[in-house]
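Have a look at the structure below, then the notes.
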Amino acid sequence: MGVAYACGTCGYDLRGLNALGECPECGRAVWSSMPSPGSEEPIGVSPSGVRMIGLTSILLSWTAIGGIVLGGVAVLMGGRLLKRARAAGGPDPRGVRAGVWFGFIGAVLGVAWLLATFGVLGWMF
Ligand SMILES: [Zn+2]
């Protein structure tokens with residue numbers, strides 16, 4: 001490796017550690033803090049964070065916009081985490097696939113609420 005990178009959660013110096021291992025300080029998967037191939041940009045969200053955002057998108061789907069925006073974020077972030085895990089040769093990180101599905105459901109429900117709202121308005125006026 002030789003690339004300087006720090007744990008995205010606690011800032012621990014992860015140089016020389018196995019990408020499939022965990023941060024000795026906080027237990028976060030090492031690969032999730034690594035720069036993605038061809039990019040120095042960190043993802044900035046942990047696998048459990050993706051699941052949390054996805055769940056929140058379902059809870060807020062009745063606001064339409066909340067479900068669509070948060071659902072989209074969960075799907076995008078989760079997709080990037082999965083891509084990076086596969087690039088590092090690791091298994092799919094626990095919870096990320098669920099988070100992507102939650103986000104997808106939240107976004108679909110948000111769109112459904114949006115359509116229902118406009119449908120009701122169109123029927124009333
Ligand atoms: Zn850490």
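The values are calculated or read from the model by the stated rules, or taken from the named source; none is laboratory data. Because the structure is predicted, anything quoted here is derived from the model rather than measured. Positions of Cβ are generated from backbone atoms using ideal geometry, with glycine treated the same way; all protein chains shown enter the neighbour counts.
Of the residues making up the range 88-116, not one is within 18 Å of residue 69 (Cβ to Cβ) and of a type in the set (D, E, K, R). Taking the numbered list (1) crowded, with 16+ Cβ neighbours inside 10 Å; (2) over 19 Å from residue 18 (Cβ atoms) in turn, residue 83 passes all entries but (1).
So that you can scan it fast, the table gives a plain yes or no per residue for (1) modelled with pLDDT of 95 or more; (2) within 30 Å of residue 14 (Cα to Cα):
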position: 51; (1), (2): no, yes
position: 65; (1), (2): no, no
position: 73; (1), (2): no, yes
position: 87; (1), (2): no, yes
position: 95; (1), (2): no, yes
position: 102; (1), (2): yes, no
position: 108; (1), (2): yes, no
position: 125; (1), (2): no, no
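Are any of the residues in the range 87-109 farther than 22 Å from residue 19 by Cα and outside any helix (DSSP H, G or I)? Scanning the range 87-109 turns up no residue that is farther than 22 Å from residue 19 by Cα and outside any helix (DSSP H, G or I).
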